[in-house]
Amino acid sequence: MDDFAKKLGKNIKLMRVYKDQSQAELSFKSGLDQSYLSRVENGTVNVTVIKLCQMAKALECNLIELIPEIDDTSAL
């Protein structure tokens, strides 16, 4: 999977740990399967915007807090 997915997954995990939630709690609050959340945190699955919004809402944070910065210089 690409670097962006891994960075996104890391940010989600960091926020979840910061908010003192287990994957099971985030799963319950977001309505997403715990095995799916594990794959997201490991960066092995692409996340839809809708599911990302569900996670942000469950983590009580802004969506932008989960999205990693994009290095535009690599595209040049």
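Is it the case, given these coordinates, that Glu65 is of a type in the set (D, E, K, R), loosely packed, with under 15 Cβ neighbours inside 10 Å and either modelled with pLDDT under 95 or over 22 Å from Asp2 (Cα atoms) (or both)? Walk me through it before giving the result.
On the way: of a type in the set (D, E, K, R): yes; loosely packed, with under 15 Cβ neighbours inside 10 Å: yes; either modelled with pLDDT under 95 or over 22 Å from Asp2 (Cα atoms) (or both): no.
The answer is no for Glu65.
Given the conditions (1) at pLDDT 95 or above; (2) in a helix (DSSP H, G or I); (3) not small (Gly, Ala, Ser), which single one is not true for Leu32?
(2)
So which residues in segment 1-35 are loosely packed, with under 15 Cβ neighbours inside 10 Å and among the hydroxyl-bearing types (Ser, Thr, Tyr), if there are any at all?
Tyr18, Ser22, Ser35
Within segment 18-27, take every residue that is more than 13 Å from Lys51 (Cα to Cα) and part of a helix (DSSP H, G or I) and give me the one that is nearest to the chain's Cα centre (by Cα). Step through it out loud before you land on a result.
So the first thing to find is which residues in segment 18-27 are more than 13 Å from Lys51 (Cα to Cα), and the list is 18-25.
Checking the rest, the ones that are also part of a helix (DSSP H, G or I) come to 18, 23-25.
Numbers: Tyr18: 13, Gln23: 11, Ala24: 14, Glu25: 14 Å.
The selected residue is Gln23.
Would you pick out the residues in segment 53-62 that are touching a residue at least 24 places away in the same chain (Cβ under 8 Å) and either assigned to a helix (DSSP H, G or I) or loosely packed, with under 13 Cβ neighbours inside 10 Å (or both)? Can you show your working first?
First, the residues of segment 53-62 that are touching a residue at least 24 places away in the same chain (Cβ under 8 Å): 54-55, 57-61.
Those that are touching a residue at least 24 places away in the same chain (Cβ under 8 Å) and either assigned to a helix (DSSP H, G or I) or loosely packed, with under 13 Cβ neighbours inside 10 Å (or both): Gln54, Met55, Lys57, Ala58, Leu59, Glu60.
Taking segment 24-56 only, how many residues are out of contact with any helix residue (DSSP H, G or I) (no Cβ under 7 Å at 6 or more places or on another chain) and basic (Lys, Arg)? If you could, list the steps in order and put the result at the bottom.
The first filter runs over segment 24-56 and keeps only residues out of contact with any helix residue (DSSP H, G or I) (no Cβ under 7 Å at 6 or more places or on another chain), leaving 25, 28, 35-36, 39, 44, 48-51.
Subsequent filtering for residues that are basic (Lys, Arg) retains 39, 51.
Qualifying residue count, segment 24-56: 2.
The values are calculated or read from the model by the stated rules, or taken from the named source; none is laboratory data. From a predicted model like this one, the values you see are computed outputs, not experimental measurements. Every residue, glycine among them, receives a Cβ derived from its backbone with ideal geometry; neighbour counts consider all protein chains shown.
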